1. If you rank K141, K42, K16 by how much accessible surface each has, with a 1.4 Å probe, what is the order from largest down?
2. With every protein chain present, what accessible area does Y149 have (1.4 Å probe, heavy atoms only), rounded to the nearest 10 Å²?
3. Give the relative contact order (percent, whole number) for the stretch 1-106; include only Cα pairs under 8 Å separated by 6+ residues.
4. State in Å² the accessible area per residue of the stretch 34-91; use a 1.4 Å probe, count heavy atoms of protein chains only, and round to the nearest integer.
5. At 7 Å along the Cα-to-beta-carbon direction for both I139 and V115, put a label point, then send me their distance in nm to one decimal.
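The values are calculated or read from the model by the stated rules, or taken from the named source; none is laboratory data. Because the structure is a prediction, the values reported are computed rather than measured. Backbone-built Cβ (ideal geometry, glycine too); neighbour counts: all protein chains shown. Accessible surface is based on the protein model in full, side chains and every heavy atom, while ligands, DNA and RNA are left aside. Shrake-Rupley method; radii C 1.70, N 1.55, O 1.52, S 1.80 Å.
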Amino acid sequence: MSLQSAQYLRQAEVLKADMTDSKLGPAEVWTSRQALQDLYQKMLVTDLEYALDKKVEQDLWNHAFKNQITTLQGQAKNRANPNRSEVQANLSLFLEAASGFYTQLLQELCTVFNVDLPCRVKSSQLGIISNKQTHTSAIVKPQSSSCSYICQHCLVHLGDIVPYNSPLLVGRLQVTSIVYSGSW
């Protein structure tokens, strides 16, 4: 465990408290959520074993994404809500952001820990970033089983986000998988 990781954990507790503070407005809560995501991402990349021991990956999902998705879904389902269409648009935007976050986190983890997933296209092949590892001296080398676990965790949450997004999207994905599998 590094002192830096322990400090990140203390900062995360403050940010989680800010996110549940009813005195803060939506902009401040959004800023705290973004800071929490950044902090947890840093922990997962620099000290994966410690982060997993402290269940950072679960906290990340629950506090930065799941709780907000659940809140927005409840507001969007309320037919009496006069802002229902705006809430639905916000939910859709939030789900896109969550999907982008987990996709980017997966890319970074695979690059930093040199994990080769068959479903992953390397960033350098897309012309996005190089696959060179940077700042490797600050990274505590994790066990390969931990790397596999965190990659699987990212993939699971990417899969979790799809049904939240839209029944139409789920239907399109099912049709696409049938067509590509040759079962049609």
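1. The most accessible residue leads, giving K141, K42, K16.
2. 90 Å²
3. It comes to 20 percent, rounded to a whole number.
4. Values: 2860 Å² over 58 residues.
For the stretch 34-91, the per-residue accessible area is 49 Å².
5. 1.2 nm
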